[in-house]
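Data first, discussion second: the structure below is written as structure tokens.
Values in this text are rule-based calculations from the coordinates and carry no lab data. Computed from a prediction, not measured in an experiment: that's the story for all the values here. Neighbour counts are summed over all protein chains in view; Cβ atoms, including those assigned to glycine, are modelled from backbone coordinates with ideal geometry.
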Amino acid sequence: MDLRGLTVMCDYFIVMEAETVIQVRAVTEAIIEALQQNNVTYRRREGWDDGLWVLLDYGDVIVHVFRKEEREYYDIERLWGDAPRLTFEQLAQMAAQPN
């Protein structure tokens, strides 16, 4: 979700889900490892112990990895209904563009 102009906390939310706590943690670990390979580290990680909703704060980008039930319950897409939705391909194109 593109939050630019809607909040000062970050520019983007990336929201995804997994079926189980193990999968939530596996997805989270894969994200952390992939970004660390590019010298990008998170500022803060929340929710790891429960594994129901893990939040990775990368400053301008906040990644939410939900277990399916928690994503449906919290429905943050509805809470940020004014935010335009971006596809992964759109984000990749934006990231590839020089500043």
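Restricting region 1-33 to residues that are in contact with a helix residue (DSSP H, G or I) (Cβ under 7 Å, 6 or more places away or on another chain) and charged (D, E, K, R), the residue that is surrounded by the most Cβ atoms within 10 Å (Cβ to Cβ) is E17. For residues in region 34-73 being part of a helix (DSSP H, G or I) and surrounded by 15 or more Cβ atoms within 10 Å (Cβ to Cβ), which is farthest from the chain's Cα centre (by Cα)? Ranking the candidates gives E70 first. Scanning region 74-99 for residues that are assigned to a loop (DSSP other than H, G, I, E, B) and out of contact with any Phe, Trp or Tyr (no Cβ under 9 Å at 6 or more places or on another chain) turns up D75, G81, D82, P84, R85, T87, Q97, P98, N99. Screening the candidates W53, W48 for the property of being without any contact (Cβ under 8 Å) to a residue 40 or more places away in the chain and touching a His at 6+ places or on another chain (Cβ under 8 Å) yields one hit, W53.
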